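J.: Would you mind keeping the following structure in view while I ask a few things?
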Amino acid sequence: MKLKYFSHSAFQITANSGKVILIDPFLTGNPTAPVTAESVEADFIILTHAHGDHIGDAFDIAKRCDSLIIAVNELADYAISKGLKAHNMHIGGSYNFEFGKVKFTIAHHGSMTPDGQYAGEPAGVLITVDGKTIYHTGDTGLFYDMKLIGEMNHIDYMLAPIGDNFTMGIDDAVKAVELTNPDVAIPIHYNTFPVIEADPEEFKKKVEALGIKSMVLAYGQEFEL
């Protein structure tokens, strides 16, 4: 399996089967995105919530590629209302797709579509593909139940926002990593806009002081899990 970082909170997972899964593909209007929405393919698109910098290009990509959108119930219904395919889920629920398992978790944030529609609860997501589990926390503040998420699931890679203002800042994100105890922590949701400027190397240093490995990914970087 390969994981590719498109900046902000956008990722691409390529399973060993060749299936491609996108997470929160905000590319158009993202000044740090290394690719265009038109150049990206997807079999599945997982959305953590409906804010414009997360729902991003999901619907355009899904329409072009006939992708299946995976989201909490209200956001999935919204996608269906736009003529797209969607699989409805909700927080605490899991489902086995052909590429692997998806489970939504809580996240402390909000969720509304760019055109002002209520889109259900924001979420984090546990994605298990080819024996590896990625915890994409979505946009969230720090919460103590991250400890339970880590205790009940072996987290290989945790993707944690560090940009502050709308989400956790560096120190809260480091505490989140400590609570979850993943094998590797990767900072996300920073430096896209001036209001969320943060130093990922500071996060990495503080995480590694806990004895947990951390990686800072370049925009467009892909690696084998």
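Derivation of every value follows stated rules applied to the coordinates shown; laboratory data play no part. What you are looking at is a predicted structure, and each value in this text was computed from that prediction instead of being measured. Because the Cβ atoms are built from the backbone with ideal geometry, glycine has one as well, and the counts that use them run over all protein chains shown.
J.: Order 114-121, 133-140, 14-21 from most to least packed using the mean count of other Cβ atoms within 10 Å.
T.: Going by the mean number of other Cβ atoms within 10 Å, highest first, we get 133-140, 14-21, 114-121.
J.: May I pose another question? Grab the eigenvalues of the alpha-carbon gyration tensor for the range 70-185, scale each by 5, take roots, and send me the semi-axes largest first in whole angstrom.
T.: Equivalent-ellipsoid dimensions as semi-axes: 24, 19, 10 Å.
J.: What ranking do Y5, Y219 get, fewest neighbouring Cβ atoms within 10 angstrom at the top?
T.: Sorted ascending by nearby Cβ count, the order is Y219, Y5.
J.: Taking the Cβ of each residue in V35, V40 as the centre, tally the other Cβ atoms inside 10 Å and list the residues starting with the fewest.
T.: V35, V40
J.: Based on the Kirkwood radius over alpha-carbon pairs, what value in µm²/s does the Stokes-Einstein equation return for the translational diffusion coefficient of the range 2-217 at 37 °C and 0.692 mPa s?
T.: Roughly 194 µm²/s, to the nearest whole number.
J.: Same structure again: Taking only C-alpha pairs under 8 Å that are 6+ residues apart, what is the relative contact order of the range 84-203 in percent?
T.: 18
J.: Hey, another quick one. Determine the calculated [θ] at 222 nm for the chain from helices alone, applying -39500 (n - 2.57) to every DSSP H run no shorter than 4 residues and normalising by the residue count; nearest 500 deg cm²/dmol.
T.: -5500 deg cm²/dmol
J.: If you rank L210, L22, L27, L126 by fewest surrounding Cβ atoms within 10 Å, what's the result?
T.: Fewest to most other Cβ atoms nearby, the residues stand as L210, L126, L27, L22.
J.: Another question about this same structure. Hey, rough spin-label estimate for D156 and D130, points 7 angstrom out along Cα→Cβ, what's it come to in nanometres?
T.: Each label point is offset 7 Å from its Cα along the Cβ direction, giving 0.8 nm.
J.: Which of the lysines could be linked to K205 by a straight reach, that is with a Cα gap under 16 Å, when you skip same-chain ones fewer than 8 residues away?
T.: The reachable lysines, counting only those whose Cα sits under 16 Å from K205, are K175, K213.
J.: How many nm separate the modelled label positions at M215 and Y95, each set 7 Å beyond the Cα in the direction of the Cβ?
T.: 2.8
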